[in-house]
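All remarks here apply to the structure that follows.
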């Protein structure tokens, strides 16, 4: 009987620690996605400036070389461009994608849609650069949040588990 009790207490401790670890990883994933989007925008800017490829083809290439969530945004935008304009397709794709970006991040990423496919090459490049500058601020904020909250949630999960184990023991 004692063995079962200690085994259950051990499972409680492990599960709360894992929950804390899971919650702390959201901050890491957000930072990674922001950096991935910034890199994708850099590729987009370069492709628009030097290759003159159509935007759907550029989005497809970026989707092939990006991680899962960011790749999905670009693929969804490419698919949406069959029915609606590039700017509207981009906004819709960002909204529909389940990722670790918060609402402010998504709002900044959607600013790309203002001139996408509507102006000349220079106008589109300047809009991408403006969006990249806003993203840099978000990346700095995400790094700060990760630094503060990653350890906090990891330790909080373990402490909560220990608290429950002590109460139940």
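Computed from the coordinates by the stated procedures, all read-outs in this text should not be read as laboratory data. Everything numeric in this text was worked out from a predicted model, so none of it was measured. Glycine gets a Cβ as well: all are built from the backbone with ideal geometry, and neighbour counts include every protein chain shown.
For the range 18-34, the criterion of a residue being in contact (Cβ under 8 Å) with a residue 40 or more places away in the chain and over 30 Å from residue 156 (Cα atoms) is satisfied by no position. Selection of the range 92-130 for residues being under 15 Å from the mean Cα position of the chain (by Cα) and part of a helix (DSSP H, G or I) yields 93, 94, 95, 96, 103, 104, 105, 106, 107, 108, 109, 110.
Yes or no, residue by residue, for (1) surrounded by 16 or more Cβ atoms within 10 Å (Cβ to Cβ); (2) in contact (Cβ under 8 Å) with a residue 40 or more places away in the chain; (3) in contact with a helix residue (DSSP H, G or I) (Cβ under 6 Å, 6 or more places away or on another chain):
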site: 89; (1), (2), (3): yes, no, yes
site: 95; (1), (2), (3): no, no, no
site: 100; (1), (2), (3): yes, yes, yes
site: 124; (1), (2), (3): yes, yes, yes
site: 131; (1), (2), (3): yes, yes, yes
site: 144; (1), (2), (3): no, no, no
site: 152; (1), (2), (3): no, yes, no
site: 166; (1), (2), (3): no, no, no
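Scanning the range 42-54 for residues that are in contact (Cβ under 8 Å) with a residue 24 or more places away in the chain and within 11 Å of residue 121 (Cα to Cα) yields 45, 48, 49, 52.
Within the range 1-34, if we keep just the residues that are crowded, with 18+ Cβ neighbours inside 10 Å and within 18 Å of the chain's Cα centre (by Cα), the residue that is farthest from residue 104 (Cα to Cα) turns out to be 24.
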